[in-house]
Every structure is written in C-alpha cells, then in structure tokens.
Amino acid sequence: MIINHDFRIVFLHIPKCAGTAVRRPLESLNQWQEAGPPWRRAHPDLGVVDYAHLPLAVLRTHFPDAFASVVDYRAFALVRDPYSRFASSVSERIRWGEGALLAKLSRAELKKSLDESIDYLSRQPSSSCCLPLGYIHFQRQRDYIVLDNAPLVDAVYPVERVAQLREEVNACIGTAKPKMAECAASQQHANAALMYRNEGLRRVHRVVGPLTARLRRLLPASASKRMDRWMYVHRDQCARSLFDSEYVRDFVSSYYADDLDLYARVARM
C-alpha cells in the first residue's frame with residue numbers, strides 16, 4: 001500500500017491484480033512511515049506480514065492512522081477476474097511458499113499444489129479477516145475495497161483499464177512531481193509464470209540444464225531470449241485445462257462469489 005499525504009492519495013495493492021506495475025512507480029511518493037521496501041517485515045502483534053497487501057480490517061485494527069488515510073483520501077485499487085487471479089495466486093504460493101520455480105514442476109506437481117491450496121482455503125472460517133503470509137495472495141479482493149458492507153475505496157478499476165487509473169493518479173499529483181509513466185511490458189509482467197512447453201522438454205532440460213547455462217554465457221542476449229521462447233510458455237497456455245476444470249471453477253465460484261460480483265460491477269462502469 002502506498003500513502004501520500006501531500007496529494008492525499010492511497011493505492012491499495014490487492015495481490016495478483018497487476019498492482020506491482022502501479023506500486024513501484026509510486027514508491028518514491030510513499031509517506032507511510034511504517035512501511036516500504038522491503039514490504040515483508042515483522043510486526044509486534046501480527047508476526048511477519050506483507051505490508052504491501054494489508055486488508056482493510058487489519059488496517060483498522062493495527063494501523064489506525066493508515067486506515068484513516070484510506071477513508072479521508074482519494075483511494076485507488078485494481079481488481080481482476082477471480083478465475084485468472086486464482087491461477088496466478090497458486091503460482092505465487094509455489095514461488096514464495098514452496099521455494100520452487102513453477103517451470104520446474106510437472107503438471108502432476110502443479111495439480112498437487114493447486115489441490116492443497118483449495119483444501120486449505122476451504123477449511124478457513126468465512127469470517128477470517130486476513131490469511132497468513134503464505135496464503136495472502138489468495139485474500140479476497142473485496143477485503144481491500146469493502147468493510148462492514150460499506151465500500152471505502154473511491155476509484156476501483158479492472159486491470160484491463162490500468163491506464164485510466166494511471167491518468168487519474170497523475171491528475172491528483174499535478175505538475176509538482178514527475179508523472180507516473182506507463183510501465184514497460186517487462187515490468188507489467190514481472191510476475192508472469194512460465195512453464196516448460198511440454199513434459200518431455202522439462203525432462204530433457206533437467207539433464208542438459210548445466211550445459212545450457214554455460215552455453216547461455218557465450219550467446220548474445222537475443223539468442224538467449226529465442227531459446228526461452230522455444231522452451232517456455234505462459235502458465236495459462238500450458239495448464240489452462242487444469243485451472244478450467246469443473247472442480248476448480250466451482251471452488252472459485254463459491255469462495256470468491258463476492259469478488260465475482262465486484263469485478264463484474266467494476267468492469268461495467
């Protein structure tokens with residue numbers, strides 16, 4: 001989360017909603033003294049938390065000054081289609097929680113992590129206001145927008161309209177500070193999840209990986225990028241049928257029912 005008192009703006013970074021591409025350009029304007037890079041740090045009551053992704057209920061209880069800024073200032077947030085967001089959340093749990101690269105997992109290993117995520121979330125009380133650090137990327141989007149059934153965030157945009165959010169933030173900043181520039185594609189997809197193009201390629205690379213790493217040091221950057229394009233594809237292309245399976249969509253439809261309504265409403269605006 002970013003707070004700037006001079007311009008009276010707040011950006012609430014909902015996890016896995018393209019917020020990194022917005023938060024990073026705004027970090028130089030952050031005046032929230034309790035938080036900033038590195039965003040994962042210890043709190044005396046909460047333990048280690050991700051200060052970038054604090055739901056409203058947590059802000060109200062543990063960070064009353066920051067919560068007051070959300071209420072009083074112009075507050076911004078991005079929301080995302082819950083089905084695609086859930087797939088991204090599973091990838092993030094693998095990266096942070098299991099310390100593994102998604103590309104190194106087989107489809108069976110990915111399914112195992114997916115099923116574990118569903119099982120864990122299904123056992124959480126519906127009244128839980130904040131998931132633990134390892135699962136914070138699964139936090140409902142509504143928890144960053146609505147509190148006690150009252151919407152507190154003024155400007156909520158779907159990720160497809162991030163340019164509009166950027167324009168409104170720039171209007172709030174005015175001419176006193178450098179404008180929030182459009183992020184390059186590499187920044188917007190900094191957290192993109194890649195997997196091997198097929199299982200056979202994954203197995204072969206396990207054997208020849210050390211040789212490939214040495215070869216890359218001799219190749220120009222353009223050749224190395226061509227090698228990556230041949231070897232990897234985005235997670236959605238490789239595992240779409242897994243995340244589109246009936247039991248996964250049924251879970252998302254139930255667990256994120258409020259988020260589906262929120263996203264549909266915002267997308268229509």
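The values are calculated or read from the model by the stated rules, or taken from the named source; none is laboratory data. None of the values given here were measured: they were computed from a predicted structure. Using ideal geometry, Cβ is built from the backbone for each residue, glycine included, and neighbour counts are taken over all protein chains shown.
Can you tell me which residue is modelled with the lowest pLDDT among those in region 37-53 that are under 17 Å from the mean Cα position of the chain (by Cα) and more than 13 Å from residue 132 (Cβ to Cβ)?
37
Going residue by residue through region 155-164, is there one that turns out to be in a loop (DSSP other than H, G, I, E, B) and at pLDDT below 95?
Looking for residues that are in a loop (DSSP other than H, G, I, E, B) and at pLDDT below 95, one finds none in region 155-164, hence no.
Which one is nearest to the chain's Cα centre (by Cα), of the residues in region 8-23 that are in a helix (DSSP H, G or I) and not small (Gly, Ala, Ser)?
20
Select, from 8, 23, the only residue that is surrounded by fewer than 20 Cβ atoms within 10 Å (Cβ to Cβ), closer than 20 Å to residue 68 by Cβ, in contact (Cβ under 8 Å) with a residue 12 or more places away in the chain and among the charged types (D, E, K, R).
Among 8, 23, only 8 is surrounded by fewer than 20 Cβ atoms within 10 Å (Cβ to Cβ), closer than 20 Å to residue 68 by Cβ, in contact (Cβ under 8 Å) with a residue 12 or more places away in the chain and among the charged types (D, E, K, R).
Take the residues of region 97-112 that are at pLDDT 60 or above and assigned to a loop (DSSP other than H, G, I, E, B): which is farthest from residue 133 (Cα to Cα)?
Selected residue: 106.
In the set 91, 69, 113, which member is more than 17 Å from the chain's Cα centre (by Cα), of a type in the set (S, T, N, Q) and either closer than 16 Å to residue 1 by Cα or crowded, with 20+ Cβ neighbours inside 10 Å (or both)?
69
Out of all the residues in region 30-45, is one or more in a helix (DSSP H, G or I), hydrophobic (A, V, I, L, M, F, W, C) and in contact (Cβ under 8 Å) with a residue 24 or more places away in the chain?
no
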